[in-house]
Amino acid sequence: MPKLRTAVVVAGAALLARRAVRRRIQASPLWPMPSLAEPISGRPRALTVTVSAHEEIADGVVQLRLEGHGLPRWEPGAHLDLVLPSGLVRQYSLCGDPEDASAYTVATRLVGDGRGGSREVHERVRPGTELQVRGPRNRFPLVEAPSYLFVAGGIGITPVLPMLRSLAERDAEWRLLYGGRTRASMPFLEEIEKLDAGRGRVTLVAEDEAGRPDLATWLGGAPKSAAVYCCGPEGLMAAVEERVPRVHLERFAPRAAAGGDVAFEVELRRSGRVVTVPADCTVLDTVRAELPDTAYSCAQGFCGTCRQRVLEGEIDHRDELLTDAERDDSMLICVSRARGDRLVLDL
């Protein structure tokens, strides 16, 4: 019985701590709007663009043409941070022509139960709307290889499309498996068929017609020298990664923890404070409860605004941005956590 009472007391204390963190976060004058602070060293500054076209190109998919001056060049696989009118920051793959220096093209699917970014693009952004963009950045580059295999699910076709154009221009060897819920919901079908030019390199699988793609069969005959690329829902990427360990993946959400998260302590060295990060809260949320001016933006591990220097402790990196060298002594506190029971931040 004493052990049971102790466990109840500990669980109750943990629940109260989590509630206290949330109350303090919500009491912050910056909550819930992200801070559009100056970028961390080496990160691109925001540029102003104007929406010149807002077009529905498939069921639930909107394409934006963003025109501007002095837009940086990009290569297939690159993406932008798009700063929406509300202040939300979302990442979208560039799917237009890299040679068009006057505009960027992105596409997004409406996610009804998402965090609001796609709905804002679909419902509030219109031709004439001015937006800010950061980037482009490319963590999904097209590498040199004897041949290529692409697996795309739904809106995951967007970073793949410029790659296909580039490969088609140089008559490289490639194959594409492209799946979606219905044909009507799959953007760029007509262009992809033209790029294939009747060579049978494209396999289209609409789930309402043929079920889900047979990855085992489709990937089974892949040459070992082929470069394999995948973008789509997390389940699809995990299935491809299980069969092809060296696959190139493009994620737009932080990778989930394998066995669930646990609480740990964070010392804010310069502030002289120690906080406990609950299992179901991020370091960013917990730190901002103490230091409300802590900068952040995307809250998904992509933009780098919340990057902080780590003085002590082992980091569980979950971002999709930092280089190996940057990960030696810094972390993105919006998604990454501690591998042990304590971290010390230079805050």
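Computed from the coordinates by the stated procedures, all read-outs in this text should not be read as laboratory data. It should be emphasised that the depicted structure is a prediction, and the values quoted were computed from it without experimental measurement. FYI the Cβ positions are ideal-geometry reconstructions off the backbone, even for glycines, and counts take in every protein chain you see.
A few points about this structure:
- Only one residue of 340, 57, 82 has its Cα farthest out toward the positive end of the dipole of the chain, where Lys and Arg carry +1 and Asp and Glu -1 on Cβ, and that residue is 340.
- Dipole check for the stretch 259-347: with +1 at the C-beta of Lys and Arg, -1 at the C-beta of Asp and Glu, and the Cα centre as origin, the magnitude is about 220 Debye.
- For the stretch 170-217, the residue among 197, 186, 174 whose Cα projects farthest onto the positive side of the dipole built from Cβ charges is 174.
- Calculated FRET value between residue 203 and residue 126, using beta carbons and R₀ = 41 Å, to 0.05: 0.65
- Value of Rg to Rh for the stretch 47-137 (Rh from inverse mean 1/r over Cα pairs, i.e. Kirkwood): 0.93
- Residue of 320, 56, 191 that the Gaussian network model of the chain assigns the largest fluctuation, springs spanning Cα pairs under 10 Å: 191
- Sorted ascending by nearby beta carbons within 10 Å, beginning with the fewest, 328, 319, 113 become 113, 328, 319.
- Short-range pairs are left out: with C-alpha atoms under 8 Å and at least six residues apart, the relative contact order of the stretch 147-250 is 34 percent.
- Remark: relative contact order (the chain) = 17 percent; criterion is Cα-Cα distance under 8 angstrom and separation of 6 or more residues.
- Calculated mean residue ellipticity at 222 nm for the chain: -7000 deg cm²/dmol, from DSSP H runs with n ≥ 4 weighted as -39500 (n - 2.57), summed, divided by the residue count and rounded to 500.
- From least to most packed, judged by other beta carbons within 10 angstrom and beginning with the fewest, 90, 124, 165 follow the order 124, 165, 90.
- When 157, 315 are sorted by how many other C-beta atoms sit within 10 angstrom of their C-beta, beginning with the fewest, the order is 315, 157.
- Gaussian network model of the chain, Cα within-10 Å springs - most flexible of 66, 322, 215: 215
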